[in-house]
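See structure below.
The values are calculated or read from the model by the stated rules, or taken from the named source; none is laboratory data. The model shown is predicted, which means the values in this text are computed figures rather than measured ones. Here the Cβ is made from the backbone with ideal geometry for all residues, glycine too, and neighbour counts use every protein chain on show.
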Amino acid sequence: MSINPLIHNTNITKALLEQKIKNGSVVVDATMGNGNDTLFLCQQVLPKGKVYAFDVQEVAVKNTLKLLKEHQFDSDLGSNIHCIKDSHENFDQYIFQPVDLFMYNLGYLPGSDQSIITSPESTIKSLEMALSLLKVGGMISIIIYYAHPGGNLEKQALEYFLEVLSKKRFKIFKGSMPYNDHCPPIIYMIEKLRQKNTKQYKGGF
């Protein structure tokens, strides 16, 4: 007999994020994929909140819309739910309000073309915008899958980016399950503690 394990990357992440968001929160799924994170966010923040979801692949948008309709979120599409076929590096073209939470799954779309992957350049640009849009007390969650070709380059770029963030303004957590996988996905959580002091600001985050 097998069970659905409680100790899993997505379960751990969602258990933490449930403490941060509520009905009325503004949230972003930066990598729509098959729509599971988008659905989770809708279940947490609607009907009063807003959900923005991004992906560059048409199949990801279609899968997500299908999943949301199956869970009776039809009436919220276009008003409180925005599924956007575009890169997460273009947040600033669609989001014009402070955000409570961003979710990222970095890698490739499961069950799809594994040559289409998130890239270091677009990921870092997206995170820079996410940090600017994030409310004080807000959070960014990242799960990175890096066993595929190009994945380790993105992991290195991400870890350098996090290493140089202001530790006075952000609390950062990193975790994985190395005893269960030779190349385990890594969870990163970023919590914003304060806004930048513009009088002392000299660049960077």
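Picking from residues in region 68-101 that are in contact with a Phe, Trp or Tyr (Cβ under 9 Å, 6 or more places away or on another chain) and hydrophobic (A, V, I, L, M, F, W, C), the one that is nearest to S141 (Cα to Cα) is V99. The one condition from (1) on the phi > 0 side of the Ramachandran plot; (2) over 17 Å from the mean Cα position of the chain (by Cα); (3) at pLDDT 95 or above that G137 does not meet is (2). Applying the condition of being in a strand (DSSP E or B) and touching an Asp or Glu at 6+ places or on another chain (Cβ under 9 Å) to region 78-104 and asking which residue is surrounded by the fewest Cβ atoms within 10 Å (Cβ to Cβ) yields K85.
Within region 21-28, does at least one residue satisfy the condition of being modelled with pLDDT under 95 and small (G, A, S)?
Of the residues in region 21-28, the ones modelled with pLDDT under 95 are none.
There is no residue in region 21-28 that is modelled with pLDDT under 95 and small (G, A, S).
Has region 50-66 got at least one residue that is on the phi > 0 side of the Ramachandran plot and of a type outside the set (S, T, N, Q)? Walk me through how you get there before you give the answer.
Filtering region 50-66 down to residues on the phi > 0 side of the Ramachandran plot leaves none.
Checking region 50-66: not a single residue is on the phi > 0 side of the Ramachandran plot and of a type outside the set (S, T, N, Q).
Every condition in (1) aliphatic (A, V, I, L, M); (2) more than 11 Å from the chain's Cα centre (by Cα); (3) farther than 21 Å from G175 by Cα is met by I12 except one, and the failing one is (3). Of all residues assigned to region 64-73, at least one qualifies as being in contact with a Leu (Cβ under 9 Å, 6 or more places away or on another chain) and aromatic (F, W, Y). The residue that is nearest to I21 (Cα to Cα), counting only those in region 49-77 that are part of a loop (DSSP other than H, G, I, E, B) and modelled with pLDDT of 95 or more, is G49.
Taken over region 165-205, residues that are modelled with pLDDT under 95, farther than 20 Å from P98 by Cα and among the aromatic types (F, W, Y) amount to 2.
L158 meets all of the listed conditions (1) free of Cβ contacts under 8 Å to residues at least 60 places away in the same chain; (2) surrounded by 15 or more Cβ atoms within 10 Å (Cβ to Cβ); (3) assigned to a strand (DSSP E or B) but one, namely (3).
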